[in-house]
Each structure stands twice: as C-alpha cells, then as structure tokens.
1. Identify all residues within segment 8-23 that are aliphatic (A, V, I, L, M) and at pLDDT 95 or above; write none if there are none.
2. With the requirement that a residue be assigned to a loop (DSSP other than H, G, I, E, B) and either over 20 Å from P52 (Cα atoms) or in contact with a His (Cβ under 9 Å, 6 or more places away or on another chain) (or both), what does segment 11-40 give you?
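The values are calculated or read from the model by the stated rules, or taken from the named source; none is laboratory data. Every value quoted in this text rests on a predicted model; they were computed, and no experiment measured them. A quick note on method: Cβ atoms are made from the backbone with ideal geometry, for glycine too, and the neighbour counts reach across all protein chains shown.
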Amino acid sequence: MAVGRRGALVRALLAGIEAGRSATPITSCPYPSNDLRRLVWVRGYAKARALPQSSM
C-alpha cells in the first residue's frame, strides 16, 4: 500500500473516532459507500462510541 493511501486511511480513522466521541450522527460520514475510507471511518466511529450498559 502506498504511503499516501495509508495516510488517507489513518486520517479517515481519526476523523471517525472524533465523530464518534462528539456524538456526530454516523450518517455524516463524508466518504461514498464504495470507498475504503468509509469502512475505516465507520470502524473508528464505532470504536469511539460507548457500548450501552447491560441491564443484566
């Protein structure tokens, strides 16, 4: 993978993490559905969001 491509993926991950931490709607992802950066952004978003507390 080219360094530029890796950098773009890292930036997408960090942007997704920031969006998740700030509770930005997941629908605000700036990347199209056929772009690998979208997958990375959503994974970062999910990683940053807290899991709901279990009532068990």
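1. Of everything in segment 8-23, those that are aliphatic (A, V, I, L, M) and at pLDDT 95 or above turn out to be A8, L9, V10, A12, L13, L14, A15, I17, A19.
2. Answer for segment 11-40, where residues must be assigned to a loop (DSSP other than H, G, I, E, B) and either over 20 Å from P52 (Cα atoms) or in contact with a His (Cβ under 9 Å, 6 or more places away or on another chain) (or both): C29, P30, Y31, P32, S33, N34, D35.
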